[in-house]
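Some notes on the structure that comes next.
Read-outs throughout are calculated quantities, based only on the coordinates presented, and are distinct from any laboratory measurement. Just so we're clear, the structure is a prediction, and the values are computed from it rather than from any experiment. Heads up, the Cβs are rebuilt from the backbone with ideal geometry, glycines too, and the neighbour counts pull from every protein chain shown.
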Amino acid sequence: MPASAAARCLLVDDDPQVRSVLARLIEGQGLQCVQASNGAEALALLAEQGEVPLCITDIYMPQLDGVGFLREARQRYPDMAVIMLTGVAEVATAVECLQMGAMDYISKPVMLDEVRMRVANALEKRNLVLQNRFYQLSLESRVRELDHRNKQSLLNGVEMLVFALEAKDAYTSGHSLRVKEFATRTAVQLGFTGEHLAQIELGSKLHDIGKIGIRETVLNKPGGLSPDEFEHIKLHTVLGERILQPFLAEQPPVLRIVRSHHERWDGTGFPDGTAGEVIPIEARIVAVADAYDAMTTNRAYRPPRNAVGAIEELRLGAGSHFDPEVVAAFFRAYPDLATHPLHA
């Protein structure tokens, strides 16, 4: 019998009379049927028309018996409810089939009322399983969405802290946003796109978040720092990473930027003293952007340099302080920087 696109029940039995009786009974319950004489034929029908909600299959059949069919069907069509047809002597085998994933079994000779009940129960169980799965997936999705919202809310709060920290100091006001702009345009020159570029943008905005834990007397000191004060201010890199870790663990580029944007190409930076390409590329990008903005912005301890002087300093530092390729990318991103300074 050819497969029907509207078929809802598959009957598998090598006895056409049994199939005919079951088909009339099940179609009386509003389900259309397709029939197969053995497991191999049944699998071919399923492959042609796709999974159906219900299958009733005999155990002993030629070519591929009901046990072999059940094993294959459970792997290929795990949501199909399978009821085994079994003789009195085959009850033990039917129980084994239940352990393999069959929904139920019906003993021969079949009783019409029993078939109706078992079919209704099997479809109801299947629907409950599918509903439970849907609710589970829906719940997981809602939890993930809520978690994302919570993290985003916390992140927004952290960004506001960064801006508030800078706003307290006229010398550093707007620093993070400018570094974000420099770093993002440089990253584009290096081929970054999409989510990775977005993480560089976020990391560059938050790169100095750890300064929340640094004493203001040190941050705003007009003169040079003592060795102890310098060690104290160096802590802002690891403090920043520690602040962001709980809700940005899935965005490691952001954390790498916050921790490593003061590492130097020659290994003389902090906090880890890493060198060369061991330094995360995201941090190398922000290091150049951060340095340029720091040099061209008025600070408590020194006046600003002009763009020409800052560019020359980056050029001299390429290969020692900075990754030469990142410096070159920065120059490509801002080819007219020296003639049109971004800072007065």
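Residue 9 sits among other residues whose Cβ lies under 13 Å from its own Cβ, and their net charge, with Lys and Arg +1 and Asp and Glu -1, is +3. In this simple spin-label approximation, residue 95 and residue 275 carry label points 7 Å from Cα along the Cα→Cβ vector, and these lie 7.3 nm apart. In nm, to one decimal, how far is the modelled label at residue 298 from the one at residue 332, with both set 7 Å along Cα→Cβ? The modelled label-to-label distance comes out at 3.6 nm. Backbone phi angles across the stretch 95-109, fed through the Karplus curve with coefficients 6.51, -1.76 and 1.60 (θ = phi - 60°), yield HN-Hα couplings of 5, 4, 5, 4, 5, 7, x, 5, 7, 6, 9, 10, 7, 8, x Hz in residue order; Gly and Pro are listed as x. Neighbours of residue 185 by Cβ distance under 12 Å: Lys/Arg scored +1, Asp/Glu scored -1, total +1. Compared with the direct C-alpha span, the chain from residue 63 to residue 212 gains 46.2 nm at full extension, assuming 0.36 nm per residue. For residue 85, the residues 5 or more places off, or on other chains, whose built amide H falls under 5 Å of its own are 57, 58, 59, 106. Answer rounded, prolate or oblate for the stretch 9-137, using the Cα gyration tensor with square roots of eigenvalues a ≥ b ≥ c: rounded when a/c is under 1.5, else prolate when a/b is larger than b/c, else oblate. Because its axes are fairly even, with a/c under 1.5, the stretch 9-137 counts as rounded.
Distance between the C-alpha centres of the stretch 174-216 and the stretch 244-272: 12 Å, rounded to the whole angstrom. A quarter of the convex hull surface defined by the alpha-carbon atoms of the stretch 198-283 gives 5.9 nm² as the mean projection. Packing, as the average of other Cβ atoms within 10 Å across residues, places the peptides 70-79, 181-190 in the order 181-190, 70-79, highest first. Determine the distance separating the Cα centre of the stretch 86-119 from the Cα centre of the stretch 38-81; give it in Å without decimals. Rounded to whole Å, the Cα centres lie 15 Å apart.
The number of Lys pairs in the stretch 168-333 with C-alpha atoms less than 14 Å apart, excluding pairs fewer than 8 positions apart on the same chain, is 5.
Measuring r between the beta carbons of residue 230 and residue 198 and using R0 = 45 Å, the FRET efficiency lands at 0.85.
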